[in-house]
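Shown next, in C-alpha coordinates, is the structure this report addresses.
The values are calculated or read from the model by the stated rules, or taken from the named source; none is laboratory data. Here the structure is a predicted model, which means the values were calculated and not measured. Glycine gets a Cβ as well: all are built from the backbone with ideal geometry, and neighbour counts include every protein chain shown.
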(Lines give C-alpha, C1' and ligand atoms only; values in the text may rest on other atoms or scores of the structure.)
Protein backbone atom coordinates (compact mmCIF):
# COMPACT_ATOMS: atom_id res chain seq x y z
CA UNK A 1 0.00 0.00 0.00
CA UNK A 2 3.02 2.27 0.29
CA UNK A 3 2.42 3.34 3.89
CA UNK A 4 1.34 2.06 7.29
CA UNK A 5 -1.65 4.06 8.58
CA UNK A 6 -1.26 2.74 12.14
CA UNK A 7 -1.12 5.27 14.91
CA UNK A 8 0.69 2.74 17.12
CA UNK A 9 3.52 1.81 14.75
CA UNK A 10 5.39 -0.90 16.64
CA UNK A 11 6.66 -3.38 14.06
CA UNK A 12 5.87 -5.79 11.25
CA UNK A 13 4.19 -8.40 13.48
CA UNK A 14 1.66 -6.03 15.00
CA UNK A 15 -1.88 -5.50 13.77
CA UNK A 16 -2.43 -2.56 11.46
CA UNK A 17 -4.97 -0.24 13.06
CA UNK A 18 -6.47 3.15 12.24
CA UNK A 19 -7.94 1.54 9.12
CA UNK A 20 -11.44 2.44 7.97
CA UNK A 21 -13.85 -0.03 6.37
CA UNK A 22 -13.26 1.86 3.12
CA UNK A 23 -9.47 1.45 3.54
CA UNK A 24 -9.91 -2.29 4.13
CA UNK A 25 -11.97 -2.61 0.93
CA UNK A 26 -9.30 -0.72 -1.07
CA UNK A 27 -6.55 -2.96 0.34
CA UNK A 28 -8.53 -6.10 -0.55
CA UNK A 29 -9.21 -4.79 -4.06
CA UNK A 30 -5.47 -4.20 -4.60
CA UNK A 31 -4.62 -7.60 -3.12
CA UNK A 32 -7.12 -9.29 -5.44
CA UNK A 33 -5.53 -7.56 -8.44
CA UNK A 34 -2.17 -9.17 -7.53
CA UNK A 35 -3.39 -12.73 -6.93
CA UNK A 36 -5.41 -15.49 -8.49
CA UNK A 37 -6.85 -16.10 -5.03
CA UNK A 38 -9.68 -13.75 -4.10
CA UNK A 39 -10.18 -12.13 -0.72
CA UNK A 40 -12.95 -10.13 0.98
CA UNK A 41 -14.06 -9.02 4.41
CA UNK A 42 -15.85 -11.79 6.31
CA UNK A 43 -19.55 -11.48 6.96
CA UNK A 44 -20.47 -10.97 10.59
CA UNK A 45 -21.81 -14.53 10.86
CA UNK A 46 -18.62 -15.96 9.28
CA UNK A 47 -16.52 -13.92 11.71
CA UNK A 48 -18.42 -15.24 14.73
CA UNK A 49 -18.37 -18.85 13.49
CA UNK A 50 -14.58 -18.63 13.03
CA UNK A 51 -14.07 -16.88 16.39
CA UNK A 52 -16.06 -19.64 18.12
CA UNK A 53 -13.68 -22.30 16.77
CA UNK A 54 -16.19 -23.49 14.19
CA UNK A 55 -19.35 -22.72 16.12
CA UNK A 56 -18.52 -23.84 19.68
CA UNK A 57 -20.02 -22.02 22.65
CA UNK A 58 -16.95 -20.12 23.85
CA UNK A 59 -16.91 -16.87 25.81
CA UNK A 60 -13.71 -15.80 24.07
CA UNK A 61 -12.11 -16.96 20.82
CA UNK A 62 -10.27 -20.02 22.10
CA UNK A 63 -12.09 -20.79 25.34
CA UNK A 64 -13.31 -19.21 28.54
CA UNK A 65 -9.98 -17.93 29.96
CA UNK A 66 -9.74 -14.35 28.67
CA UNK A 67 -6.11 -13.82 29.70
CA UNK A 68 -5.01 -16.92 27.76
CA UNK A 69 -6.51 -15.76 24.44
CA UNK A 70 -7.03 -11.97 24.42
CA UNK A 71 -5.38 -8.58 24.81
CA UNK A 72 -7.79 -6.15 26.53
CA UNK A 73 -7.51 -3.26 28.97
CA UNK A 74 -6.81 -5.61 31.89
CA UNK A 75 -3.59 -7.01 30.43
CA UNK A 76 -2.55 -5.00 27.37
CA UNK A 77 -0.39 -2.38 29.04
CA UNK A 78 -2.29 0.24 27.00
CA UNK A 79 -1.37 -0.85 23.48
CA UNK A 80 -1.43 -3.52 20.80
CA UNK A 81 0.73 -6.63 20.93
CA UNK A 82 2.46 -8.77 18.33
CA UNK A 83 0.01 -11.03 16.52
CA UNK A 84 -0.02 -14.65 17.68
CA UNK A 85 1.38 -14.10 21.18
CA UNK A 86 -1.80 -15.38 22.85
CA UNK A 87 -3.18 -18.90 22.37
CA UNK A 88 -5.07 -19.61 19.13
CA UNK A 89 -8.67 -20.73 19.09
CA UNK A 90 -9.74 -24.29 18.30
CA UNK A 91 -9.26 -23.90 14.54
CA UNK A 92 -5.87 -22.19 14.79
CA UNK A 93 -6.89 -18.53 14.45
CA UNK A 94 -5.12 -15.97 16.62
CA UNK A 95 -6.31 -12.67 18.06
CA UNK A 96 -9.99 -12.94 17.25
CA UNK A 97 -10.64 -11.72 20.79
CA UNK A 98 -8.85 -8.49 21.61
CA UNK A 99 -5.88 -6.61 20.19
CA UNK A 100 -7.99 -4.66 17.59
CA UNK A 101 -11.65 -4.62 16.58
CA UNK A 102 -12.10 -6.17 13.12
CA UNK A 103 -14.31 -4.88 10.30
CA UNK A 104 -16.97 -7.16 8.85
CA UNK A 105 -18.76 -6.76 5.53
CA UNK A 106 -22.19 -6.24 7.07
CA UNK A 107 -24.05 -3.04 7.81
CA UNK A 108 -24.70 -2.78 11.55
CA UNK A 109 -28.20 -3.52 12.79
CA UNK A 110 -29.05 -3.94 16.45
CA UNK A 111 -31.61 -6.59 15.48
CA UNK A 112 -29.46 -8.47 12.96
CA UNK A 113 -29.67 -11.84 14.67
CA UNK A 114 -33.39 -11.64 15.42
CA UNK A 115 -34.72 -10.16 12.19
CA UNK A 116 -32.44 -11.34 9.37
CA UNK A 117 -31.91 -14.67 7.68
CA UNK A 118 -30.63 -17.20 10.25
CA UNK A 119 -27.89 -18.74 8.10
CA UNK A 120 -25.20 -16.12 7.40
CA UNK A 121 -27.45 -13.03 7.21
CA UNK A 122 -25.43 -10.57 5.14
CA UNK A 123 -27.05 -7.25 5.79
CA UNK A 124 -26.21 -4.43 3.39
CA UNK A 125 -27.83 -1.18 2.43
CA UNK A 126 -25.70 1.69 1.18
CA UNK A 127 -22.00 2.50 1.38
CA UNK A 128 -22.54 5.19 4.04
CA UNK A 129 -24.28 2.96 6.61
CA UNK A 130 -22.42 2.06 9.81
CA UNK A 131 -20.55 -1.25 9.53
CA UNK A 132 -20.04 -4.07 12.01
CA UNK A 133 -16.83 -4.48 14.00
CA UNK A 134 -16.17 -7.58 16.08
CA UNK A 135 -13.60 -8.94 18.51
CA UNK A 136 -12.88 -6.09 20.88
CA UNK A 137 -9.55 -4.39 21.40
CA UNK A 138 -6.67 -3.73 23.75
CA UNK A 139 -8.47 -0.63 24.99
CA UNK A 140 -11.70 -2.13 26.28
CA UNK A 141 -12.98 -4.35 29.06
CA UNK A 142 -13.39 -8.13 29.08
CA UNK A 143 -17.02 -7.87 27.98
CA UNK A 144 -15.95 -6.31 24.67
CA UNK A 145 -13.62 -9.19 23.72
CA UNK A 146 -16.34 -11.84 24.08
CA UNK A 147 -17.28 -13.74 20.92
CA UNK A 148 -20.78 -12.26 21.13
CA UNK A 149 -19.68 -8.63 21.44
CA UNK A 150 -20.43 -6.43 18.45
CA UNK A 151 -19.95 -2.78 17.68
CA UNK A 152 -20.45 -0.37 14.81
CA UNK A 153 -18.53 2.44 13.16
CA UNK A 154 -18.87 4.69 10.16
CA UNK A 155 -17.21 3.11 7.10
CA UNK A 156 -14.98 6.13 6.60
CA UNK A 157 -13.69 6.26 10.18
CA UNK A 158 -10.28 4.88 11.05
CA UNK A 159 -9.75 4.50 14.77
CA UNK A 160 -6.57 3.34 16.53
CA UNK A 161 -8.43 0.35 18.00
CA UNK A 162 -9.85 -0.92 14.68
CA UNK A 163 -8.21 -3.07 12.01
CA UNK A 164 -9.43 -5.93 9.84
CA UNK A 165 -8.99 -9.58 8.92
CA UNK A 166 -9.66 -10.69 5.38
CA UNK A 167 -11.24 -13.96 4.30
CA UNK A 168 -10.34 -16.02 1.26
CA UNK A 169 -13.23 -16.51 -1.16
CA UNK A 170 -11.81 -19.38 -3.23
Anything in region 1-42 that is part of a loop (DSSP other than H, G, I, E, B), at pLDDT 95 or above and more than 26 Å from residue 146 (Cβ to Cβ)? List them, or say none.
38
Determine which single condition residue 158 fails, assuming it passes every other condition in (1) modelled with pLDDT of 90 or more; (2) under 14 Å from the mean Cα position of the chain (by Cα).
(1)
What are the residues in region 124-153 that are over 12 Å from the mean Cα position of the chain (by Cα) and at pLDDT below 95, if any?
124, 125, 126, 127, 128, 129, 130, 148, 153
When only residues in region 27-37 that are touching a residue at least 24 places away in the same chain (Cβ under 8 Å) and surrounded by 13 or more Cβ atoms within 10 Å (Cβ to Cβ) count, which is nearest to residue 4 (Cα to Cα)?
27
Only one of (1) modelled with pLDDT of 95 or more; (2) in contact with a helix residue (DSSP H, G or I) (Cβ under 9 Å, 6 or more places away or on another chain) is not met by residue 45, so which one is it?
(1)
Suppose we filter region 91-112 for residues that are touching a strand residue (DSSP E or B) at 6+ places or on another chain (Cβ under 8 Å), modelled with pLDDT of 95 or more and either on the phi > 0 side of the Ramachandran plot or assigned to a loop (DSSP other than H, G, I, E, B) (or both); how many remain?
6
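For region 128-153, name all the residues that are without any contact (Cβ under 8 Å) to a residue 40 or more places away in the chain and touching a helix residue (DSSP H, G or I) at 6+ places or on another chain (Cβ under 8 Å). Show your work before the answer.
Taking region 128-153 first, the residues without any contact (Cβ under 8 Å) to a residue 40 or more places away in the chain are 128-130, 133, 143, 149.
Within region 128-153, 149 is the sole residue that qualifies.
In region 60-80, what residues are surrounded by fewer than 20 Cβ atoms within 10 Å (Cβ to Cβ) and touching a residue at least 40 places away in the same chain (Cβ under 8 Å)?
Quick first cut of region 60-80, residues surrounded by fewer than 20 Cβ atoms within 10 Å (Cβ to Cβ) only: 63-65, 67-68, 73-79.
Hits for region 60-80 are 73, 74, 76, 78, 79.
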